[in-house]
Every structure is written in structure tokens, then in C-alpha cells.
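The values are calculated or read from the model by the stated rules, or taken from the named source; none is laboratory data. Computed from a prediction, not measured in an experiment: that's the story for all the values here. FYI the Cβ positions are ideal-geometry reconstructions off the backbone, even for glycines, and counts take in every protein chain you see. For the accessible areas, the whole protein counts, side chains as well, though only heavy atoms, and no ligand, DNA or RNA atoms are used. Shrake-Rupley method; radii C 1.70, N 1.55, O 1.52, S 1.80 Å.
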Amino acid sequence: MAVTGSPELLIVMSAHATGDEVDDVVARLEEAGAHAHVTPGREATVIGAIGERELLAALPLEGFPGVDQVLPILKPYKLVSRELRPDPTVIEARGRRIGDHYFGLIAGPCTVEHRTQTLETARAVAASGASMLRGGAFKPRTSPYTFQGLGEEALTILAEAREETGLPLVTELMDPRHVEAVVDTADVIQIGARNMSNFSLLAEVGRARKPVLLKRGLSATLEELLMAAEYVVKEGNSRVILCERGIKTFETAMRFTLDIGAVPVLKQETHLPVIVDPSHAAGRRDLVLPLARAAVAAGADGIIVEVHPAPEEALCDGPQQIPAAEFEDFASEIRALCSLMGRVIG
Ligand code: PEP
Ligand code: MN
């Protein structure tokens with residue numbers, strides 16, 4: 001049966017509700033033409049009821065055995081909200097984890113430029129304990145006259161780097177025509193800041209069976225970011241990682257302004273993991289470590305950092321990339337701070 005409408009109600013089962021009582025509520029919702037999104041929690045099972053508001057209102061849900069409370073979902077984002085799922089979501093790719101007490105340390109070049117540059121970086125970040133490898137194959141460049149990425153050739157190089165280091169790959173998908181190639185190779189599909197509001201691309205990755213790293217648009221509000229994530233999750237893919245990467249403000253000392261407050265706000269609003277990209281926010285390498293420290297201290301679930309064997313020769317974002325030789329010290333600082341925050345690199 002096609003279900004229309006959005007999740008409107010939260011049915012909180014009592015801590016002692018039985019499996020049969022949960023199944024009964026689900027069955028009654030389905031009889032009423034609604035769909036039930038069941039989330040078992042640490043304390044109690046929560047059921048999100050998705051359907052027409054009027055039909056749901058007519059059901060005497062409060063009186064059902066095992067039901068503790070029936071609450072309206074007031075926020076415009078539903079499936080990604082903490083209201084629906086109070087426990088944090090942990091996202092896994094090739095055995096590496098992000099979320100709850102697992103901290104994701106994602107590192108690698110801005111762009112795959114050639115095989116040696118990528119393999120050298122991958123080896124350095126793997127040796128220093130990174131949990132995932134980043135690297136752009138298709139690049140969203142401000143100028144059409146600059147290097148646009150190696151495309152499919154880069155995907156082959158990234159796959160070789162994964163083969164050698166075992167690190168899962170994070171790479172950006174920009175164009176619906178590349179869905180197959182990127183989704184096949186990537187372990188985590190990145191949606192860049194400039195595509196955060198590309199709703200058809202969001203729906204595409206919502207149908208993919210890989211986690212999505214969704215970056216905040218350059219001028220997007222947190223509500224807009226959460227609604228973008230809702231587009232992905234609504235299609236069936238609930239594995240979304242949100243990324244604060246700096247926003248446009250009047251300040252010019254940095255490339256963007258890292259909105260550190262976004263981290264605790266998002267963590268309150270959503271069960272999805274929230275990471276920070278200090279590299280693109282700063283635009284300069286001397287600020288990457290301080291901003292990364294701030295991210296860990298603010299409760300971020302990870303960081304994504306650009307690293308290059310010779311940043312002065314980089315074809316893209318040279319000024320903000322950390323030299324591969326310095327990544328070990330960077331990673332040890334982050335690891336130490338993580339343990340203070342009760343986190344381990346996942
Ligand atoms: C990137 O991470 O490669 C990138 C281009 O970042 P953003 O989309 O945040 O600008
Ligand atoms: Mn970059």
C-alpha cells in the first residue's frame with residue numbers, strides 16, 4: 001500500500017511492553033492505512049506513525065495495551081529527529097564506525113591528482129590511525145578553468161589505496177550520471193556543500209545502499225541541513241552523517257566561518273552523527289588543528305581533514321592541506337582529546 005503523509009505521531013511504548021503489544025500497534029496503524037517506523041530504544045520502543053493526520057487522530061492509540069504516551073512530532077524533520085530516535089545512530093563502513101562513542105577520523109587529499117600522491121597520503125593517514133580515507137574524484141570547483149578531478153580514473157586509484165590500507169573510502173558524488181560509478185566504489189558517498197539542496201541527487205543517494213556524508217550548504221541553516229537529510233532518509237537510507245564545514249559570513253580572515261555551535265545544536269535535534277570539516281572552514285593549515293580541537297571538545301562525532309604529501313604542489317586547496325609528514329602529530333593530539341571526551345577512534 002502506498003503511504004502518503006509524513007510521520008506525525010510518536011507512540012512511546014511502556015518499558016515493559018511486550019513484542020506482541022508492539023506488533024498490535026503496528027497492525028492497527030497499518031489497518032488505518034498508515035506506516036509504522038519502529039525504533040527499539042534503550043528504555044522503550046518508539047513507533048513513528050506515518051500517515052494522514054486525520055486518520056491517525058481517529059485511532060484511540062492511548063488506550064492500546066503497552067502504550068505509554070502518544071505525542072505529536074512537532075519538528076518539520078521527522079525521521080532524522082531525536083524525538084523519533086532518542087539513541088544515537090552509529091554508522092559503519094567496512095568495520096569502521098562513526099557515532100555514539102566512536103569518533104571518525106577521516107583524512108586524505110582534497111583531490112586525487114595521481115596514483116603516487118594518493119597512495120602516499122593513504123599510507124601516511126592509515127599509519128597514523130585514521131579511520132577512513134577521503135579523496136575527490138569529481139570536484140566542485142568555483143572556476144570552470146581549474147582542475148576538475150580525474151573522474152573515473154580517480155575512483156580506480158582510490159580503490160587501489162583501499163586495497164592496500166584497508167581504509168574505507170569517502171568520495172563525492174556530484175552528478176546523477178555518476179551514481180553507479182561512485183556508489184560502486186565509495187564506502188561513504190559524500191554530498192558536497194554545493195549540492196546540499198540538490199533534492200533529486202539527495203533522493204538518488206537515499207536509494208543507495210551506502211552511507212552518505214552530507215555537508216552543510218555554504219549559506220544553509222541547520223534546519224535546511226536537517227531537511228536535506230530527511231530527503232535521504234525518507235527514501236530508505238537512514239545512514240547519514242552530517243558535516244559542518246563552515247558558512248559564509250562577513251568575516252574574511254578564514255575561508256568560511258566554522259559554526260561550532262552547530263555541533264551541539266545538531267546533536268540535540270538529531271540522532272544522526274555530526275562531524276566537522278576544519279580544513280574547508282579554515283582555508284589555511286595553521287588553523288586546522290585548533291578548529292579540529294574545538295570540534296572534538298564541542299562533541300563532534302568525527303572530523304574530515306585534508307592531507308597532501310606536498311601541499312605546495314597541490315592542484316586544489318593547497319593552503320589548507322596538512323603535510324602528510326605532519327599528520328601523525330595531528331592525529332595523536334586528536335586521539336588524546338577524544339579520550340578526554342570519552343571517545344575512541346572508530
Ligand atoms: C570537499 O570536501 O572536497 C569539498 C569540496 O567540500 P565542500 O563541499 O564542503 O566545499
Ligand atoms: Mn578541498
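Summarise the accessible area of the chain (1.4 Å probe, protein heavy atoms) by the percent that is carbon and sulfur. Could you put the intermediate results ahead of the total?
On the way: 7660 of 14770 Å².
Ligands and nucleic acids excluded, carbon and sulfur give 52 percent.
Looking at segment 144-289 only, what percent of DSSP beta bridges run antiparallel? Nearest 5 please. Antiparallel bridges: around 5 percent, rounded to the nearest 5. With every protein chain in place and a 1.4 angstrom probe, the accessible-area ranking of H271, H101, largest first, reads H101, H271. Sorting K215, K75 by solvent-accessible area of protein heavy atoms yields K75, K215, largest first, with a 1.4 Å probe.
The angle between the Cα long axis of helix 115-127 and the main principal axis of the chain comes to about 60°, on a 0 to 90 degree scale.
Derived scalar couplings between HN and Hα for segment 53-66 equal 3, 5, 5, 5, 4, 6, 7, x, 4, 4, x, 5, x, x Hz in order, rounded to whole Hz, by the Karplus curve 6.51 cos²θ - 1.76 cosθ + 1.60 (θ = phi - 60°), x for Gly and Pro.
Report the antiparallel proportion of the DSSP beta bridges in the chain as a percent, rounded to a multiple of 5. Write down the numbers at each step before the final one.
On the way: 22 of 51 bridges.
Taking every DSSP beta bridge with both residues in the chain, the antiparallel ones total about 45 percent.
Cross-link partners of K248 among aspartates and glutamates, defined as those whose alpha carbon lies under 13 angstrom from its own and excluding same-chain residues fewer than eight positions apart: D259. To the nearest 10 degrees, how steeply does helix 288-297 sit against the main Cα axis of the chain, on a 0 to 90 scale? Once rounded, the angle reads 20 degrees.
Based on protein heavy atoms only, the chain ends up with 43 Å² per residue of surface accessible to a 1.4 Å probe.
Scan the chain and report its longest stretch carrying no chymotrypsin sites (Phe, Trp or Tyr not before Pro) that are both in a DSSP loop and have at most 15 other Cβ atoms within 10 Å. Show your work: numbers first, answer last.
Details: sites that count: Y145, F147, F250.
Answer - 1-144.
Excluding the sites themselves, what is the longest stretch of the chain that contains no GluC sites (Glu not before Pro) in a DSSP loop with at most 16 other C-beta atoms within 10 Å? If you can, show how the numbers build up before the last one.
Values: sites that count: E43, E52, E235, E251.
Longest gap between qualifying sites, sites excluded: 53-234.
What figure in square angstrom, to the nearest 10, would you give for the accessible area of S238 with a 1.4 Å probe? S238 has an accessible surface of roughly 50 Å² with all protein chains in place.
Run the numbers for V183 and R284: contour at 0.36 nm per residue of separation, minus the present Cα-Cα distance, in nm.
Answer, rounded to one decimal: 33.3 nm.
Here the Karplus relation 6.51 cos²θ - 1.76 cosθ + 1.60, evaluated at θ = phi - 60°, turns the backbone of segment 86-96 into coupling constants of x, 7, x, 7, 10, 10, 10, 9, 6, x, 9 Hz, with x for every Gly and Pro.
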